[in-house]
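As structure tokens, the structure follows; a few thoughts come after it.
Derivation of every value follows stated rules applied to the coordinates shown; laboratory data play no part. Everything numeric in this text was worked out from a predicted model, so none of it was measured. All Cβ positions, even for glycine, are placed from backbone atoms using ideal geometry, and neighbour counts span all protein chains on display.
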Amino acid sequence: MRDPLADLRRIAFLLERAGEKTYRVRAFRGAAATLAKLPEGELAARAGNGTLKDLQGVGEVTARCVVESLAGEEPVYLRRLESTAGQDLDEATAAMLAALRGDCHAHSDWSDGGSPIDEMALAAAAIGHEYLVLTDHSPRLTVARGLSAERLAEQLDVVADLNAGFAELGMQFRILTGIEVDILADGSLDQTDELLERLDVVVGSVHSNLKDEPDVMTRRMVTALANPHLDILGHCTGRLITGGRGTRPESRFHPEQVFAAAAEHDKAIEINSRPERLDPPKRLLRLALEQNCKFSIDTDAHAPGQLDWLSNGCARAVACGVPLDRIVNTLPAAELKSWTQSHK
Ligand SMILES: [Zn+2]
Ligand SMILES: [Zn+2]
């Protein structure tokens with residue numbers, strides 16, 4: 001028996017991974033969500049009498065996929081996607097990817113992501129991750145619906161419930177709590193100390209005043225790296241190299257000083273795998289490696305399919321000669337947490 005909803009979600013995942021437009025992906029995720037709410041037996045009945053399309057959010061294509069799936073066949077739409085979705089990774093990149101146990105930077109629909117926490121988590125578990133660090137935005141990033149202290153506290157309860165559910169199902173997978181906290185103009189972090197203290201992993205990123213003078217930007221980043229709450233410095237140059245948001249040059253800072261601060265405080269520099277970021281550029285990645293920095297290879301996923309972008313970061317890490325023992329997300333969850341705890 002095929003599960004038609006799983007097929008729809010798999011299609012959405014593959015479309016996201018391929019960087020397709022959100023509305024196309026949403027058609028499949030939306031249909032799956034609608035159909036999941038139908039009472040027992042109604043899905044099969046409607047597939048039989050051709051009335052699936054009468055449901056809100058179910059179109060011709062999604063209805064056809066469901067019918068094919070219920071008949072026990074792989075939907076044609078899915079088969080085409082699967083056959084063109086293969087990623088040709090070289091051996092070294094594939095080995096690094098296999099060594100990563102999780103992802104330390106991902107968003108849900110609580111901030112600017114497109115999917116609920118549980119869908120992000122299930123997708124991460126399905127690709128073999130042991131953990132996913134949930135890092136929604138902080139309050140000042142209002143354009144990305146950053147979480148207030150109250151909402152973050154609420155999210156921690158939701159995550160605890162989801163993890164209890166995974167444990168009950170006998171799954172090894174866990175969501176780790178986290179945040180992508182804004183590094184403010186003075187280098188301080190945009191969330192209360194009390195909450196930052198409670199989180200498993202804190203990614204800190206610059207999202208404002210990206211054109212600060214190099215001295216100012218350097219001081220800002222060095223101050224943030226010295227903050228005991230911060231564990232990982234996110235997309236350090238802020239550059240955008242392609243894509244719908246246009247391009248943006250790198251922020252200017254003194255990389256030797258920033259990487260020296262990261263190494264001194266045993267913090268990680270993120271290798272951001274988003275195709276429009278690929279941050280840091282390789283020359284800075286090599287410099288950070290020479291300066292004994294640790295790294296975290298992250299997707300910064302805003303949708304489940306984007307969780308598969310880790311290979312982008314791995315390819316760059318391999319090209320720059322980053323060894324596995326410098327990459328914090330090769331650690332099992334317990335050791336990753338001991339590392340972040342050691343900063344406090
Ligand atoms: Zn960011
Ligand atoms: Zn992010």
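Observations on the model:
- Estimated FRET transfer efficiency (ASP186, ASP161; beta-carbon r; R0 30 Å; 0.05): 0.25
- Cβ-based exposure ranking for THR142, THR218, THR223, in which fewest neighbours within 10 Å come first: THR142, THR223, THR218
- With a Förster radius of 25 Å applied to the beta-carbon distance between GLN56 and MET1, the computed FRET efficiency rounds to 0.45.
- Within the stretch 261-314, GluC sites (Glu not before Pro) in DSSP loop having at most 16 other beta-carbon neighbours inside 10 Å: none
- Listed residues LYS294, LYS37, LYS211, most fluctuating in the chain (Gaussian network, C-alpha, under 10 Å): LYS37
- Gain in span if fully extended, GLN172 to VAL216, counting 0.36 nm per residue against the direct Cα distance: 11.5 nm
- Loop-located trypsin sites (Lys or Arg not before Pro) in the stretch 220-277, at most 12 other Cβ atoms within 10 Å (DSSP): ARG245
- Shape category assigned to the stretch 31-144 from the gyration tensor of Cα positions, a/c cut at 1.5: oblate
- For the chain, built as a Gaussian network whose Cα springs stay under 10 Å, the top-fluctuating residue of MET221, MET171, MET96: MET171
- Candidates per GluC sites (Glu not before Pro) in the stretch 69-144, loop by DSSP, up to 14 other Cβ within 10 Å: GLU73
- Förster radius 25 Å - calculated FRET efficiency between GLU194 and ALA226, Cβ distance, rounded to 0.05: 0.80
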